[in-house]
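**Q** Right, I'll just put the structure down here and ask away after.
Coordinate-derived values only; no laboratory data. Keep in mind that what you see is a predicted model, and the values were worked out from it rather than measured. When we count neighbours, we look across all protein chains shown, and the Cβ atoms used for this are built from the backbone with ideal geometry, even at glycine.
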Amino acid sequence: MAIAVTAETLGTLHRMHRQLEDLREQLAKGPRLIAVRSKQLESAEARHLAVQNEAKKAKLTVDSKQLQLRTAEAKLKDLDSKRNSCKTNREYQLLDGQIAADTMAMKVLEDEILEALERVDTIKQSLPPLDGEIAALKQQLQQTRQQVGAESAALETEVLRVGKNLEQAEQEIPEESREGYRRITKSKGADAMAALDGHSCGGCCQQVTDNMVAELTMGLVMPCRSCGRLLYLAR
């Protein structure tokens with residue numbers, strides 16, 4: 001069944017719908033880009049915090065081992081004092097063996113402390129690059145927000161202009177056909193219409209009948225029997 005609107009009018013409406021859809025897509029890109037930049041910054045800040053926590057944990061390990069070392073040194077000093085004041089050879093040998101074992105354990109602990117300190121230094125060395133990355137991402141985010149803000153204002157103005165022009169152009173649709181037109185454009189937007197492409201629907205690419213082609217050639221508008229788009233013959 002033909003729709004009471006000329007192919008020329010529908011072609012104009014189709015172009016306006018596509019223009020409006022493109023403008024709205026450009027508007028939507030801005031917030032999406034800001035969201036991407038924000039996620040990148042959040043990720044870098046999370047990695048920075050993780051490194052800081054790792055450094056703190058490594059420093060706690062150093063502090064704990066240094067406390068163990070001080071305790072061991074005090075114990076060794078006490079054992080040495082006892083050894084110097086022991087009265088029997090047996091007691092002296094026992095204390096001497098204990099001191100030797102504790103001295104060896106202290107050397108192992110000292111090595112562990114050096115390794116732990118090196119680990120702290122290594123972890124901290126990764127912080128400055130992260131600081132630089134975070135600073136750069138913050139600047140990018142700020143610049144993106146400013147750019148999007150400036151572009152959005154112009155795009156919103158253009159959306160209003162095209163929207164008003166579309167409303168005016170829609171007045172050419174006869175009253176009896178407006179409800180059907182509005183229903184399909186509300187559902188599909190710019191995809192509600194398609195120009196005939198040879199003998200096929202320009203939207204779904206399905207072939208149309210010869211009778212439909214003939215009617216479209218006469219300037220009528222027909223709905224595609226496959227996808228429901230309003231077909232017209234582009235001039």
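**Q** With point charges of +1 on the Cβ of Lys and Arg and -1 on the Cβ of Asp and Glu, referenced to the Cα centre of the chain, which listed residue (ILE173, GLY30, ASN84) lies farthest in the positive direction of the dipole?
**A** ASN84
**Q** Still on this structure, please answer the following. With +1 assigned to the C-beta of every Lys and Arg and -1 to the C-beta of every Asp and Glu, and no other charges, what is the dipole magnitude of the chain about the Cα centre in debye, to the nearest 20?
**A** Details: 34 positive and 35 negative charges, 132 e Å.
Dipole about the Cα centre, nearest 20: 640 debye.
**Q** For region 105-235, take the convex hull of the Cα atoms, compute a quarter of its surface area, and give me that in nm², please. List each step's numbers first, then the result.
**A** Values: hull surface 68.2 nm².
So the mean shadow area of the Cα hull is 17.0 nm².
**Q** Could you give the Stokes-Einstein D for the chain in µm² per second, using the C-alpha Kirkwood radius, 37 °C, 0.692 mPa s?
**A** Working: Rh = 25.4 Å.
D = 129 µm²/s.
**Q** Still on this model: Where a Cα-Cα gap under 18 Å defines reach, which aspartates and glutamates qualify for LYS29, not counting those fewer than 8 residues away within the same chain?
**A** Partners found: GLU21, GLU151, GLU156, GLU158.
**Q** Follow-up. Suppose R0 equals 30 Å. What FRET efficiency, 1/(1 + (r/R0)^6) with r the Cβ-Cβ distance, do ASP197 and ARG32 give to the nearest 0.05?
**A** Working: r = 32 Å, r/R0 = 1.06.
That gives a FRET efficiency of 0.40.
**Q** Ok, one more. In the structure shown, do any of LYS59/LYS82; LYS39/LYS186; LYS77/LYS107 have a Cα-Cα gap over 24 Å, and if so which? Write down the numbers at each step before the final one.
**A** Details: LYS59/LYS82 35 Å; LYS39/LYS186 33 Å; LYS77/LYS107 15 Å.
Check vs 24 Å cut-off fails for LYS59/LYS82; LYS39/LYS186.
**Q** At a threshold of 8 angstrom on Cα-Cα distance, excluding pairs fewer than six apart, so keeping six or more, what relative contact order does the chain reach in percent? Don't skip to the end; give the middle numbers.
**A** Details: 217 pairs, mean separation 87.7, N = 235.
Once normalised by length, the contact order is 37 percent.
**Q** Any idea what Rg and Dmax come out to for region 84-127 if you just take the C-alpha atoms, in Å?
**A** 18.3, 59
**Q** Of LYS138, LYS186, how do they rank once you tally other Cβ atoms within 10 Å and put the fewest first?
**A** The fewest-first ordering by Cβ neighbours comes to LYS186, LYS138.
**Q** Right, something else. Compute the Kirkwood hydrodynamic radius of region 1-69, taking the inverse of the mean of 1/r over all pairs of distinct Cα atoms, and give it in Å to one decimal.
**A** Numbers: mean 1/r = 0.0565 Å⁻¹.
Evaluated over region 1-69, this radius sits at 17.7 Å.
**Q** Regarding region 83-156, what are the three Cα extents along the principal axes, ordered largest first, in Å?
**A** Extents along the principal axes, in whole Å: 98, 14, 14.
**Q** Using the count of nearby Cβ atoms within 10 Å as a rough guide to exposure, how do LEU231, LEU155 rank from fewest to most? Please list the in-between numbers first.
**A** Values: LEU231 29, LEU155 19.
Going from sparsest to densest Cβ surroundings: LEU155, LEU231.
**Q** Next question. What residue among CYS205, TYR232, THR185 has its Cα farthest toward the positive end of the dipole of region 175-235, where the charges are +1 on Lys, Arg and -1 on Asp, Glu, each on the Cβ?
**A** Final value for the positive-end residue is THR185.
**Q** What size of dipole, in debye to the nearest 20, comes out for region 175-235 about its Cα centre when the only charges are +1 on Lys and Arg C-beta atoms and -1 on Asp and Glu C-beta atoms? Numbers along the way, then the final one.
**A** Values: 8 positive and 7 negative charges, 54 e Å.
Magnitude of the dipole: close to 260 debye.
**Q** Give the list, by residue number, of cysteines in the chain with no other Cys Cβ closer than 4.7 Å, or say none.
**A** Among the cysteines of the chain, those whose Cβ sits 4.7 Å or more from every other are CYS86, CYS205.
**Q** Pick from CYS201, CYS224, CYS86: which is most flexible by mean-square fluctuation in a GNM of the chain where alpha carbon atoms under 10 Å apart are linked?
**A** Top of the fluctuation ranking is CYS86.
**Q** Loop only per DSSP, at most 14 neighbouring Cβ atoms within 10 Å: give me the trypsin sites (Lys or Arg not before Pro) in region 1-93, ordered by residue number. Spell out each step's value before the answer.
**A** Values: sites: ARG15, ARG18, ARG24, LYS29, ARG32, ARG37, LYS39, ARG47, LYS56, LYS57, LYS59, LYS65, ARG70, LYS75, LYS77, LYS82, ARG83, LYS87, ARG90; in loops: LYS87.
In loop regions of region 1-93 (DSSP not H, G, I, E or B), the sparsely surrounded trypsin sites (Lys or Arg not before Pro) are LYS87.
**Q** Ok, one more. Using C-alpha positions alone, give me the convex hull volume of region 1-129 per residue in cubic angstrom.
**A** On the way: hull volume 19.7 nm³, N = 129.
Residue-normalised Cα hull volume stands at 153 Å³.
**Q** Top mean-square fluctuation among GLY198, GLY180, GLY97, Gaussian network model of the chain, C-alpha springs under 10 Å?
**A** For the chain, modelled as a Gaussian network with Cα springs under 10 Å, the answer is GLY97.
**Q** Say the dipole of region 106-160 comes from +1 at the beta carbon of Lys and Arg and -1 at that of Asp and Glu; which of THR157, LEU109, ILE134 then lies farthest toward its positive end?
**A** Checked the options; the winner is THR157.
**Q** Between the alpha-carbon centers of region 144-177 and region 1-70, tell me the distance in whole angstrom.
**A** So the separation of the two Cα centres works out to 26 Å.
**Q** If r is the Cβ-Cβ distance from GLU112 to SER43 and R0 is 41 Å, what FRET efficiency results, to the nearest 0.05? Let's see the in-between values first.
**A** Details: r = 34 Å, r/R0 = 0.83.
Efficiency, from the Cβ-Cβ distance: 0.75.
**Q** Calculate log10 I(q)/I(0) of region 175-235 for q = 0.12, 0.16, 0.17, 0.21 Å⁻¹, where I(q) comes from the Debye formula with a single equal point scatterer on each Cα and nothing for solvent.
**A** -0.26, -0.45, -0.51, -0.76
**Q** Sticking with this structure for a sec: Go ahead and estimate [θ] at 222 nm for the chain from helices alone: -39,500 (n - 2.57) per DSSP H run with n ≥ 4, summed, over the residue count, rounded to 500.
**A** Values: 5 runs with 182 residues, N = 235.
Per the formula, -28500 deg cm²/dmol.
**Q** Another question about this same structure. Find how much the distance from GLU167 to ASP131 grows on full extension, using 0.36 nm per residue of separation minus their present alpha carbon separation; answer in nm with one decimal. Please list the in-between numbers first.
**A** Numbers: separation 36, 0.36 × 36 = 12.96 nm, distance 5.23 nm.
This chain segment gains 7.7 nm when fully extended.
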